[in-house]
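Structure, as structure tokens:
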Amino acid sequence: MRKGFITGPVLGALWLIVMATTVAVAMSFATGAAFRPQLLLCLLWGAVAGLIYVRFAPRHALARLTISGVMALAMASPVGPVVTGEGVSSSAVLVAMIALGGGMHLAMAAILQDTPFGTLTRHEYEAAVIRFLTGFGYIFFTAIVLIPFYVMVMTSLKSQQALLQNPLDFSVEISKGAELFRSYVELFRDFNFGTYLWTSFYVSVLTVAITLAFSVPGAYAVARFRFKGQKAFSRSILLIYMVPMIVLALPIYIAFSMTGLRNSILGIVMIYPVTTIPVALYMLQGYFRGLPTEVEEAGLMDGLSRLAVIWKITLPLSLPALASVSLYVFMIAWNEFLLAFMLLDDPSKFTLTRGVAMLNSSEIPRQHLMAGAVIATVPIMVLFLGLERFMTKGLTAGSVKG
């Protein structure tokens with residue numbers, strides 16, 4: 001297969017299947033109309049596009065645009081790679097044509113760049129295959145994440161009547177304006193979601209504070225001091241994660257019921273750090289080991305106590321790691337469901353995940369459940385995207401000593 005006139009058509013055919021499926025799914029979700037890929041025709045038209053590119057595109061830039069034209073014509077023909085159902089508007093078909101043609105043009109330029117028509121070297125062949133697999137991976141895993149989120153958001157914006165008429169129609173009427181957000185307004189007005197948000201927020205913040213208060217000195221001691229059982233303790237920190245939480249659920253429930261901590265925010269704040277301190281210890285000890293000991297020794301020689309060295313030298317140098325650990329712990333506490341579901345019965349004390357679970361009832365419209373899921377997802381998603389660079393820096397900074 002190390003021939004450009006074979007590799008190009010094969011990769012083009014396979015990629016058009018990916019593109020046609022992507023366009024069909026996206027247009028079906030966006031318009032509520034029927035778009036369906038035709039696999040055999042995708043193979044045919046994709047092979048034509050791949051052959052055109054490896055034969056002409058490397059030498060003639062105009063030939064690259066031919067691929068877009070071929071795809072557009074194919075889409076408009078009765079034997080195109082994507083077929084539409086009855087009642088599909090011409091504007092939707094036009095958008096699909098542009099998406100398919102432009103997508104194939106850009107993809108062929110990326111996948112088959114520097115791919116000659118004749119014999120390929122091993123490097124050229126492997127590079128083309130890797131670029132194809134990379135593009136496929138991006139689209140596939142992005143779709144796995146975005147499609148459920150899109151369905152969740154679009155369902156939350158629909159009315160009960162629209163859901164009953166066509167549950168699989170995930171398009172929305174923008175002309176309705178503020179009426180689209182009626183489910184969200186009702187959640188805050190009738191279901192006390194403002195309180196759930198506040199409860200989850202301060203429980204997560206307290207969990208972060210307690211976790212850092214215990215994990216920072218613990219991780220520093222393991223990384224800097226020498227004591228009996230140090231290596232065994234260091235290696236066994238994450239053993240708690242080998243025990244599924246569901247196994248501990250009944251003992252925790254019994255113990256909290258006997259001590260009066262069940263159905264209380266105090267009990268939740270006490271048990272959440274138990275699940276987060278081990279991973280925080282593990283992450284921080286690796287970072288502390290990567291910090292140069294000479295800086296701390298210089299502080300000790302200048303008369304600082306060990307605690308002062310930790311406070312004035314070690315912690316400022318560890319801010320990236322502390323930020324990443326804090327974000328990770330906050331996400332765990334915010335998204336925790338099992339313990340909240342098991343220990344909280346009073347609606348006035350529900351966390352956000354417990355409140356969303358309450359909406360999973362036949363008496364509550366489905367759009368309210370989806371709206372609750374959006375409210376629970378969006379804040380932590382925005383927080384993660386905003387602070388992701390700190391998390392990445394903190395996770396990698398302790399991997400190299402220096």
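Yes/no per residue for (1) at pLDDT below 80; (2) at positive phi; (3) exposed (fewer than 15 other Cβ atoms within 10 Å of the Cβ); (4) not small (Gly, Ala, Ser):
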{"position": "MET75", "(1), (2), (3), (4)": "yes, no, no, yes"}
{"position": "GLY102", "(1), (2), (3), (4)": "no, no, no, no"}
{"position": "MET108", "(1), (2), (3), (4)": "no, no, no, yes"}
{"position": "PRO116", "(1), (2), (3), (4)": "no, no, no, yes"}
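Being over 30 Å from VAL23 (Cβ atoms) and small (Gly, Ala, Ser) is true for just one of ALA178, ALA143, ALA162, ALA127. Which residue is that? Unique residue meeting the criteria: ALA178. In the set (1) of a type in the set (A, V, I, L, M); (2) part of a helix (DSSP H, G or I); (3) more than 19 Å from ASN335 (Cβ to Cβ), LEU261 fails one condition alone, (2). Just the residues that are part of a helix (DSSP H, G or I) and small (Gly, Ala, Ser), please, taken from the stretch 300-314. Scanning the stretch 300-314 gives a single hit, ALA308. If you go through the stretch 333-357 and pick out every residue that is among the aliphatic types (A, V, I, L, M), surrounded by fewer than 19 Cβ atoms within 10 Å (Cβ to Cβ) and in contact (Cβ under 8 Å) with a residue 60 or more places away in the chain, you end up with 2. Examine the stretch 321-331 for a residue that is out of contact with any Ser or Thr (no Cβ under 7 Å at 6 or more places or on another chain), part of a loop (DSSP other than H, G, I, E, B) and not β-branched (Val, Ile, Thr), and state whether such a residue exists. The answer is no, given that none of the residues of the stretch 321-331 is out of contact with any Ser or Thr (no Cβ under 7 Å at 6 or more places or on another chain), part of a loop (DSSP other than H, G, I, E, B) and not β-branched (Val, Ile, Thr). Against the condition touching a residue at least 12 places away in the same chain (Cβ under 8 Å), over 26 Å from the mean Cα position of the chain (by Cα) and either buried (at least 17 other Cβ atoms within 10 Å of the Cβ) or in a helix (DSSP H, G or I) (or both), how does VAL269 come out, does it pass? Answer is yes for this residue. Given the condition polar (S, T, N, Q) and buried (at least 17 other Cβ atoms within 10 Å of the Cβ), answer yes or no: does some residue in the stretch 211-228 qualify? Among the residues of the stretch 211-228, at least one is polar (S, T, N, Q) and buried (at least 17 other Cβ atoms within 10 Å of the Cβ), which makes the answer yes.
Among residues that are charged (D, E, K, R), buried (at least 17 other Cβ atoms within 10 Å of the Cβ) and at pLDDT below 85, ARG235 is not included. Residues of the stretch 218-234 that are touching a residue at least 12 places away in the same chain (Cβ under 8 Å) and under 12 Å from TYR282 (Cα atoms): GLY218, ALA219, TYR220, VAL222, ALA223, SER234.
The set of residues in the stretch 131-172 being without any contact (Cβ under 8 Å) to a residue 12 or more places away in the chain and surrounded by 16 or more Cβ atoms within 10 Å (Cβ to Cβ) consists of ALA162 alone.
Look through the stretch 243-298, keep the residues that are closer than 28 Å to TYR220 by Cα and of a type in the set (Ser, Thr, Tyr), and return whichever of them is modelled with the highest pLDDT. The residue in question is TYR272.
For the stretch 1-32, the candidate set comprises residues that are within 32 Å of the chain's Cα centre (by Cα) and not hydrophobic (A, V, I, L, M, F, W, C); within that set, the residue that is modelled with the lowest pLDDT is GLY32. Does VAL295 satisfy being assigned to a helix (DSSP H, G or I), loosely packed, with under 15 Cβ neighbours inside 10 Å and hydrophobic (A, V, I, L, M, F, W, C)? Judged against the criteria, VAL295 is a match. Quick one: would you say THR121 is among the β-branched types (Val, Ile, Thr) and in contact with a Pro (Cβ under 9 Å, 6 or more places away or on another chain)? Here the answer is no, as THR121 does not meet what is asked.
The values are calculated or read from the model by the stated rules, or taken from the named source; none is laboratory data. In this text the structure is predicted, and so the values were computed from the model without any measurement. Positions of Cβ are generated from backbone atoms using ideal geometry, with glycine treated the same way; all protein chains shown enter the neighbour counts.
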